[in-house]
Amino acid sequence: MAVAADVKLEGLRAATDKLDQISENEKSGFISLVSRYLSGEAEQIEWSKIQTPTDEVVVPYDTLSAAPEDLNETKKLLDKLVVLKLNGGLGTTMGCTGPKSVIEVRNGFTFLDLIVIQIESLNKKYGCNVPLLLMNSFNTHDDTQKIVEKYSNSNIEIHTFNQSQYPRIVTEDFLPLPSKGKTGKDGWYPPGHGDVFPSLNNSGKLDTLLAQGKEYVFVANSDNLGAIVDIKILNHLIHNQNEYCMEVTPKTLADVKGGTLISYEGRVQLLEIAQVPDEHVNEFKSIEKFKIFNTNNLWVNLKAIKRLVEAEALKMEIIPNPKEVDGVKVLQLETAAGAAIRFFEKAIGINVPRSRFLPVKATSDLLLVQSDLYTLVDGFVIRNPARTNPSNPSIELGPEFKKVANFLARFKSIPSIVELDTLKVSGDVWFGSGVTLKGKVTITAKSGKLEIPDGAVLENKHINGPEDL
């Protein structure tokens with residue numbers, strides 16, 4: 001097998017060298033990722049060695065010291081911080097064109113608007129200078145460059161840089177797809193957010209930030225509305241010299257597939273479902289043994305990133321992602337930023353409140369954040385204290401609601417859901433204005449169009465047609 005792998009790699013290397021759309025850094029990063037993949041260096045997790053992390057390793061949020069009272073002390077902390085949002089994803093799954101971060105979330109504000117408003121209000125309140133970095137992919141770069149122009153008069157420094165662009169590999173002969181004449185976007189892929197560390201370095205942004213005296217970067221998905229700057233966390237990391245911190249939060253039944261933190265051979269590391277041997281998958285999904293999951297809110301020391309990237313030490317687990325492009329089977333290899341935790345010194349998790357994890361992955365999430373369950377204050381999405389249940393309602397909307405435009409058309413106004421437990425909607429359903437949903441509600445348009453009248457109050461109801469209203 002070793003010979004075959006060498007031959008494969010050499011063929012790929014020779015063909016990649018001839019691709020002039022990408023930089024030398026990207027070529028060498030790509031080849032080293034592929035060579036790690038072919039060498040099969042992924043070691044199997046020995047299940048018996050997995051230990052539940054202690055409170056020293058995964059620190060409960062409520063044991064963190066209070067943030068400093070003194071505004072000037074807080075300013076000093078914040079002046080060491082940079083906020084980085086992962087902005088490589090498109091809004092295609094929600095039926096939108098362009099970067100996902102420009103979908104309107106609430107009151108006409110997009111994800112990006114809210115992020116800018118939040119950081120601006122921080123800079124204004126403390127007189128600090130927290131810059132915003134956006135890591136784009138080649139899919140979102142051009143649009144994002146145009147979009148950020150509208151913030152040019154804001155009290156915030158915005159930097160953009162691109163994550164790497166790697167060629168998709170044709171499964172059959174292990175050659176890069178772009179060398180077969182597929183030179184458009186389809187020939188390439190962004191290799192996952194684990195690429196944030198080398199890209200930050202290759203773009204020159206890392207050196208710029210270090211020269212400005214910045215020490216930590218707070219990395220989060222641009223669609224996580226809960227990922228706001230937390231001074232208590234920053235303060236803790238600086239005082240304890242933790243090079244890396246992953247925010248985790250207690251699992252609910254909706255999160256059973258999320259990666260979790262474990263102690264393994266004396267280090268803290270991320271355990272993803274893909275690494276779990278088949279016979280232990282149910283145990284992995286249990287909420288008893290693995291109680292927490294990764295929110296992908298990560299805090300990382302910039303000097304440590306520089307040191308590890310230059311030493312080529314960040315060898316995160318490789319996630320093979322097979323795809324098909326115009327009938328051709330291709331392979332793309334990716335890595336995840338959370339998996340880097342085991343390479344940093346004094347790495348910890350912090351078990352944060354669920355409010356710091358509010359991702360918008362689908363229109364059902366949009367329904368939550370546009371409803372009376374939340375309000376918007378200074379760009380921050382704040383949960384309505386009138387809801388006593390700590391977990392959000394579970395919402396399932398049928399395919400008719402999948403695209404944002406269709407979702408918005410089908411609600412004259414977003415229903416009141418403060419007292420809702422579960423909602424399941426299927427078929428051609430249209431909501432009037434001022435509707436209130438409580439308890440467990442199922443609405444199924446069995447035959448044709450079903451309109452929920454203005455002002456309807458539905459509590460613990462199964463509705464199959466107008467006769468049930």
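Across all directions of projection, what mean area in square nanometres is found for the Cα convex hull of the stretch 363-468?
6.5
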Positive-pole candidate from LEU114, VAL102, PHE174, dipole of the stretch 87-194, charges at beta carbon: LEU114
Rounded to 10°, Cα long-axis angle of helix 2-17 versus longest principal axis of the chain: 80
Within the stretch 363-468: Cβ-based charge dipole about Cα centre, in debye rounded to nearest 20 (Lys, Arg +1; Asp, Glu -1): 180
Cα-derived Rg over Rh, computed across the chain with Rh taken as Kirkwood radius: 0.98
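Report, in debye and to the nearest 20, how large the dipole of the stretch 168-240 comes out about its Cα centre when Lys and Arg carry +1 and Asp and Glu carry -1 on their Cβ.
Computed charge dipole of the stretch 168-240: roughly 140 debye.
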Rg over Rh, two decimals, the stretch 8-89 (C-alpha only, Kirkwood Rh): 1.21
Amide proton proximity set for ILE452, modelled H, under 5 Å, gap of 5+: TRP430, PHE431, GLY432
Mean separation of Cα contacts under 8 Å, 6 or more apart, over the residue count of the stretch 363-468: relative contact order %: 21
Amide H within-cut-off set for TYR189, under 5 Å, with H built and near neighbours excluded: TYR166, ARG168
Solvent-accessible area per residue for the stretch 262-322 (1.4 angstrom probe, square angstrom): 49
For ALA336, residues with placed amide H under 5 Å, excluding near neighbours: GLY194
Relative contact order (%) - the stretch 59-195, alpha-carbon pairs under 8 angstrom, separation at least six: 21
Integer Hz, Karplus 6.51/-1.76/1.60 couplings in order for the stretch 359-376, x for Gly and Pro: x, 10, 9, 8, 5, 5, 6, 4, 4, 4, 7, 8, 8, 6, 6, 9, 10, 10
Point-charge dipole on Cβ atoms (K/R +1, D/E -1) for the chain, about Cα centre, debye to 20: 500
Relative contact order (%) - criterion: Cα under 8 Å, at least six apart; region: the chain: 15
Taking N as its residue count, the alpha carbon Rg of the stretch 172-281 over 2.2 N^0.38 Å: 1.45
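The values are calculated or read from the model by the stated rules, or taken from the named source; none is laboratory data. These figures come from a predicted structure and were not determined experimentally. Cβ coordinates were reconstructed from backbone atoms using ideal geometry, including for glycine residues, and neighbour counts include every protein chain displayed. Areas reflect the complete protein model, heavy atoms only, side chains present, ligands, DNA and RNA absent. Shrake-Rupley method; radii C 1.70, N 1.55, O 1.52, S 1.80 Å.
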